[in-house]
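J.: One structure follows; several queries about it will come next.
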Amino acid sequence: MYNKILVPLDGSPLAEKALPLAVELANLLKASLLLARVVKVPANISDHQAHEQEVIRSAEFYLDGVRRFLTNTTLNEHEKVQITVAYGDPREQILEIATAKKANLILMTTHGMSFEQRFTLGSVASHVLQHSDIPLILIKPQEIDKYSTLAEIMGHYSAVNAVEAKHSVVVTLDGNPDEEILIAPAIAFAQQIGGAIQLLEVVSPEISDPQFQYRSSSIKETLGDYKIASDYLEKIQLQIQNQGVSCYNAVLVGNQISEIINFSKLVNASILVMPSFGSSNVHRLTAGTLAEEVLRESHLPVMVVHPPINQKMAYLKREKIESR
């Protein structure tokens, strides 16, 4: 059950663009918000201790202002907003805050930028993505250069978005049993928002050899993959329905990224749930890369779910063996 959402902020409008979705999810999930800011004093400051205290006070003042704005204008009265300031490396401190404050969901913007025609996560988001033990929701802000004040950000979001009106959770699978770790978090999320789960697997009509030279697979191969995927999703669908959650499934053939995005639009998805690790099949994109590619092409929130540490280590070991 999700009852505390950690939202890291750095004082920038870009980071604040996570707040509208955070508020909406807090209201839907009946969860509290934990607003966090991590500060660091430059090494060349002579009076280090005094400057550190001033920086921390300034960060607390900023967070308190955000808290007052949210509680006065957007949050339901039963919601709570907590604030915390930490000192050090944001990449490490965000994870430590999540553990210490018992957050069970992290929500943050990607801070992603375009580099040589490719989308890359910001260093903080990337580190949290790789090391968090709890689900992480990443969003790519729309119209980054607009709506610089918090009031503008909140007002614009409410005018064009409505998670409450959608209530559809898309879960991507590829037949890899390791990826079934997505199911429990997705069920918990769907139950709390009163929504349905849409299982999706995309069968790619292309495969690659170890040298990554692509060739088209035959119609027979594609149909075989389609049947395997369909049987697999029907099994997972039944498991979910037995837990009292409405669930549907779809198998599509085509490019993974475009099919995932188009399907999510078709079902009016609230959120996309994906794993943080990749498929062992060499002809598919790794899941981590796939999640980033979806974020690059879409503004749909992506919940990234991580395996338990022992499962992750076993997965990485198996990947190493299979790559030889």
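J.: Do the alpha carbons of any pairs in K30/K140; K30/K102; K30/K265; K17/K102; K102/K140 sit beyond 18 Å of each other, and which pairs?
T.: K30/K140; K30/K265; K17/K102; K102/K140
J.: Counting Lys and Arg as +1 and Asp and Glu as -1, what is the net charge of the other residues whose Cβ lies under 13 Å from the Cβ of T99?
T.: Around T99, the charge tally is 0.
J.: What's the local net charge at Y248, with K and R +1, D and E -1, over the other residues with C-beta under 13 Å away?
T.: Here the charged neighbours net out to -2.
J.: Something else about it: Could you please put S126, S132 in sequence from largest to smallest accessible area, using a 1.4 Å probe? Please report the intermediate quantities before stating the final value.
T.: Values: S126 30, S132 5 Å².
Heavy-atom accessible area, descending, gives S126, S132.
J.: Right, here's the next one. Give the accessible area for K40 in Å² (nearest 10); use a 1.4 Å probe, count only protein heavy atoms, and leave out ligands, DNA and RNA.
T.: Number for this one is 140 Å².
The values are calculated or read from the model by the stated rules, or taken from the named source; none is laboratory data. Small disclaimer: the values here were computed from a predicted structure and weren't measured. Because the Cβ atoms are built from the backbone with ideal geometry, glycine has one as well, and the counts that use them run over all protein chains shown. Protein only, heavy atoms only, side chains kept; ligands, DNA and RNA dropped before computing areas. Shrake-Rupley method; radii C 1.70, N 1.55, O 1.52, S 1.80 Å.
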